[in-house]
Amino acid sequence: MTQLNLMLTERQFHKYMICKREFLEWMEWSVIWKALESVIEPYYPRYRLRHPTVGLDRVLRLYFLQYGFSLGNEATKKLLDDIPVFAAFVEVDAAREWGPDASTLWRFPCLLEGQRLTEVLLDRIDIRLAEGGLLLIKWGSVVNITIFQAPRSTKNLDKTRNLEMCSAKKGNQCYFALKLPIGTNFQAGLVNILKTTSAGLVDIRAGPQLLHGDERSAFADAGYQGIEKGLEGEDHGSSGFVGQHRSKIWKLQEELGAGEVVETLGRLKAKVHAGVEHLFHITKCRFSYRKIRCWGQAKSTIHLSTQFRLTRLLLEEWVCQGRLHFAGSTLVGGSGGQYGSRSQWKRKVSVSLVL
């Protein structure tokens, strides 16, 4: 904990809690910083060109700060001086010292990708949330897919576009993009499995990879016809709830004469399946991550995995505050659901967690 200066002390007694500070406080508590630092420390250099490097604790916080607010390297460096909330989160006193430069912020993700530490870090984030009971049993999966645009520029050495991306049409609009199929938890609406594929790949081909094998039911739209066949051989009575094509619905209405029943079943399936769209809304609109910012599917998968973990942190913060309730979940009623208030849930987890 750094010593407060006059600028931070003045803002310590503000009446209203701004959204940035509220989200950063939740990230400060929910992420086990010491555990993450212990994973990276054997690979993190202490000296560079005979000069000591920036502290690992600061660089790690800047890494999550960039994803949380969709910032580039140069923008992060400048905003540390302009926004005191960011400087307090990174523990940088802008009045006394300079923050890390853009090259330092660029080298740290390269270190994580080169040593394959990103997935290890993301798994460590789930420890505290699992102890709190928010990572519920994965008895049902909801499958969906979205498109992230990719840069079309050919201003590179090869004078070509990214060969791992391709064009796709959504509605009447064509995109040069990457497809992101995800499998989410039916109970809490949190991401279980995340894959990246080319935009030209048919949706059903990525469907079996989005099921972890322990679910008893799978929900999907009409583009995943046949995904329920992977659940038929299970012993615990698995079932699939996949939307029907419009032509098939019309045919059933003509043959059976039960138009209202068919429409009601379709709306119930769509109601469950629409919960996944909320994750895409938060990632694209709340975090402003609408376009791929790196070259290739491998790096894109790492970036999107980190981005959706932050989306999970934000959703779980809303659940603990009682601002969000999921259909089919046990998180219902009151402020903070069955876990009580946010402070009570924090105390419960901090007592049970052993670092």
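Values quoted throughout were computed directly from the atomic coordinates according to the rules given, and no laboratory measurement underlies them. In this text the structure is predicted, and so the values were computed from the model without any measurement. Cβ coordinates were reconstructed from backbone atoms using ideal geometry, including for glycine residues, and neighbour counts include every protein chain displayed.
Things to note:
- Rounded to the nearest whole Hz, the Karplus-based 3J(HN,Hα) values (6.51 cos²θ - 1.76 cosθ + 1.60, θ = phi - 60°) of the stretch 147-154 follow the sequence 10, 10, 5, 10, x, 9, 5, 10, with x at glycine and proline.
- Residues of the stretch 27-62 with amide N under 18 Å of a point placed 7 Å along Cα→Cβ from Asp101: 45-56, 59
- As a proxy for reagent exposure, ranking Leu111, Leu117, Leu80 by other Cβ atoms within 10 Å from fewest up yields Leu111, Leu117, Leu80.
- Counted by Cβ distance under 15 Å from Ala274, the other residues give a net charge of +1, where Lys and Arg count +1 and Asp and Glu count -1.
- Too-long pairs where the Cα-Cα distance tops 20 Å, listed order kept, from Lys20/Lys77; Lys179/Lys269; Lys169/Lys251; Lys77/Lys195; Lys179/Lys271; Lys170/Lys291: Lys179/Lys269; Lys169/Lys251; Lys77/Lys195; Lys179/Lys271
- Legend: calculated FRET efficiency, Arg267 to Lys78, from the Cβ-Cβ distance at R0 = 41 Å, rounded to 0.05, equals 0.25.
- The stretch 275-293 and the stretch 69-113 have Cα centres spaced 23 Å apart.
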